[in-house]
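Input: a single structure, listed below in structure tokens.
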Amino acid sequence: MKRTMDGVVRGACHHDCPDTCVWEVTVDDGIAIELRGTADHPTTAGQLCPKVNRFLDRVYHPQRVLTPLRRVGPKGSGTFEPVSWGDALDEIEEQWNVIIEAKGPAAILPYSFDGTQGVIQKGILARRFFAALGTSDIRRHLCGVSSWLGAHEILGDPKGIDPEDLHLARTIVLWGTNTLLTNRHLWPVIEEARNAGGVVVVIDPVRTPTADRADRFLQIQPGTDVALVLGLVHVLNRDGLLDDEWLDGHTTGAGELIASAAPWDPSRCETETGIAAADIEWLAHTFATNRPSAVRSLVGPEHRTNGIEIMAAIATLPSITGAWQEPGGGLCRSTQVWWEEALGLDVENLAQPARKFNMARLGEVLTDVDLDPPINALFVHNSNPAVIAPDQNRILEGLQRDDLFTVVAEQFVTDTARFADIVLPVTTQIEQLDLAPAWGHFNVALNQPAIAPLGEAKSNNEIFRLLAERMGLDDASHYESDEALIRSLLSRSHPLLDSVTYEQLERDGWARFNHEPGEALVQQNPYRLRALDHTPTATKPNHRFQLISAKQHVRFLNANYAQFPAHRPSPPEPRLGVHPSDAADLGLDDGSDARVWNERGELHLPIHVDDRLQSGLVSIPFGWVHQAHRDGRSVNVLTSPDVRDDDQGSAAFLDTWVSVSPV
């Protein structure tokens, strides 16, 4: 473990956030005593978020798991006894070998996601391990994939502009993204654009804190994003705001797109979207003429069964207007596609899994009595599906199966770990080595371990090295060191990696990928415009309200930190947000208790009368742990696990309809 002379070690935040802040850990006698944002990092600029400011409390929390645990009580009771690593590995080896002999390796299912986004600890050795065993696998599509697929349909190569180039834009449309809450380090860039004369527009079903800071807020009816784009294209074409030379030279399918928008005059668009016709016309003219113009959208709009079509529509707007021609113009989305290509993260020639399931369908998979072979072993790391995945009741039903052997690698006894047969203690970010690119900027960081692992905790990769040895895997690729893995990724020949070396990262903590700021991003291949299809969302029988399960609290990050009282808001329990007119109609007052239910489950919650919503839309915050709810369950009891028929794309959390009544 390497430290600077003054006892300060640089690392990087691993959380599922576009900002990927670089931090500095001050160490005294082997103990981390301070963690702060790095001042010379262009995005972090010395400031961490309210979640991570207390990260050392997490590292040294008295409830942290620091030894392997074996279940001694009923599944779900969270009753364990400490065991040695040898005993824990013995049990895993024995159980897996019995299952493989009886049912085959397809009866084993790994489940992981973005509990850490460092590319080394996230899953390189895990992928190699499970591929070598020949197990089943999941499509890690819970979030972000529909956005990628939708952009891909229009752009081909779904790269977006550098988010830090947004300061050059003079029209910025924040489409379904609550920047102040979920991407706070981008906000100074947006303010810089506004101070230079730019206009900031927010499109969202909810009046978020970001909407409060915008120049114009357009409160859209949930799920009508495609209709809005069709209305904008209609106005652009009607008013002569399209550039024929651009369309002829850089796009295909413009005629089909324009034809599909012909019926969508502003009046019809207003009826469908709830946005005034005058505002639709204003936005079309502003986006086309007040340039550079950019759309910033992340994963908010995608969480519907038509999420790919929504994201394709959003990618259409800057493509038909030629917004890509000016620096700062175009579609600003995740930068992940850039560095995944550069690092070659999916180029390993691994054996194909026995079968794959969309991870949103975990509850269905674990409870499917006709599945052949059934899932008899589950290995969870970097995830907490009992909280973060939809159709929660079926997930918990599956986790309670006596014939399911579950291993969870975790830092705490989470709601998922409570159902485990074995819990393995995992290191935190300041105890492990990792490479940390960002999906919100073009900087990459080296996370250097600042302290030795506490107790008997081991990194994800060290756990998979031990498992590979136990399962008799002798290929050297299963035992590569973390440093060797990082050096191998950085040694690839790709323009983005020019001048980025391990030694530079070790010295400075971070470096910028070789992507020049302030460049226009007109691609060589044509933008693939096509007809857009808006299918109106029909009201579900017997359910009156659409449910939004948004990230609403500044000190939670998905399911992280909600278990800590110091991170909870006041009052310290989740509430059901209801528009004032709906609350009055239901006979509900602020603070009164309500029942909210659908065919998947029900919750009992106090009401928060909230005029930030719109009539017909209710909200329950995402990320609260089960124990914070009166029912011992959280919002994903209600949310939809639906995915497309081809099993591709992100979970349709927002395609959820519920009924509400007083208790």
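No value in this document is a laboratory result; all are computed from the given coordinates. Owing to the predicted nature of the structure, the values given are computational and were not obtained by experimental measurement. We place every Cβ from the backbone using ideal geometry, glycine too, and count neighbours over all the protein chains shown.
Worth a mention:
- Charges were assigned to the Cβ only: +1 to each Lys and Arg, -1 to each Asp and Glu. The resulting dipole of the chain about its Cα centre is roughly 920 debye.
- The chain: antiparallel DSSP beta bridges as a percent of all, rounded to 5: 45 percent
- Loop trypsin sites (Lys or Arg not before Pro), segment 335-423 (other Cβ atoms within 10 Å of the site Cβ: 14 or fewer; DSSP): R355
- The stretch between T501 and E81, if pulled fully straight at 0.36 nm per residue, gains 146.7 nm over its current Cα-Cα span.
- 24 Å Cα-Cα threshold exceeded, pairs from K51/K122; K356/K551; K159/K356: K356/K551; K159/K356
- Degrees separating the helix 124-133 axis from the principal Cα axis of the chain, which is the longest one: 70 degrees
- Between the residues V578, P606, Q648, the greatest Cα displacement towards the positive end of the dipole of segment 545-662, with unit charges on the Cβ of Lys, Arg, Asp and Glu, is found for P606.
- The helix-only estimate of mean residue ellipticity at 222 nm for the chain, built from DSSP H runs of length n ≥ 4 each weighted as -39500 (n - 2.57), is -8000 deg cm²/dmol after division by the residue total.
- Positive-end extreme of charge dipole, the chain - chosen from T224, A12, V658 (charges on Cβ): V658
- Considering only G616, S634, P565, the residue lying farthest towards the positive end of the dipole of segment 545-662 is P565, judged by Cα position with unit charges set on Cβ.
- Share of Cα-Cα pairs in the chain lying beyond 35 Å, as whole percent: 43 percent
- Loop-located trypsin sites (Lys or Arg not before Pro) in segment 260-331 whose Cβ has at most 14 other Cβ within 10 Å (DSSP): none
- Cβ-Cβ FRET estimate between D646 and A39, R0 fixed at 51 Å, reported to 0.05: 0.60
- Projected label distance in nm at V347 and S477, using a 7 Å step from Cα toward the beta-carbon: 1.3 nm
- Here the relative contact order of the chain, from alpha carbon pairs under 8 Å that lie six or more residues apart, stands at 20 percent.
- Antiparallel %, DSSP beta bridges [both residues in segment 545-662], to 5: 70 percent
- Prolate/oblate/rounded call for segment 380-459, Cα gyration tensor, a/c under 1.5 rounded: oblate
- Net length gained if the chain between L371 and E469 were fully extended (0.36 nm per residue, minus Cα distance): 32.3 nm
- Volume per residue that the Cα convex hull of segment 276-435 spans, once the total is divided by residue count, Å³: 210 Å³
- Note on E397 and K356: the extension gain reaches 12.7 nm, defined as 0.36 nm multiplied by sequence separation minus the Cα-Cα distance.
- Inter-site label distance for R70 and V98 at 7 Å from Cα along Cβ, in nm: 1.3 nm
- In this structure, T289 and D157 have a Cβ-Cβ separation that, at R0 = 22 Å, corresponds to a calculated FRET efficiency of about 0.20.
- Range in the chain, longest, excluding exposed GluC sites (Glu not before Pro) [loop by DSSP; at most 13 other beta-carbon atoms within 10 Å]: 1-347
- Other residues with beta-carbon under 13 Å from the beta-carbon of H604 carry, at +1 per Lys or Arg and -1 per Asp or Glu, a net charge of 0.
- What the phi angles of segment 364-372 give under the Karplus curve with 6.51, -1.76 and 1.60, with θ = phi - 60°, is a coupling list of 4, 5, 6, 10, 7, 6, 9, 5, 10 Hz, glycine and proline written as x.
- With Cα atoms as the point set, the radius of gyration and Dmax of segment 545-662 evaluate to 14.2, 44 Å.
- Estimated FRET transfer efficiency (D29, S488; beta-carbon r; R0 45 Å; 0.05): 0.85
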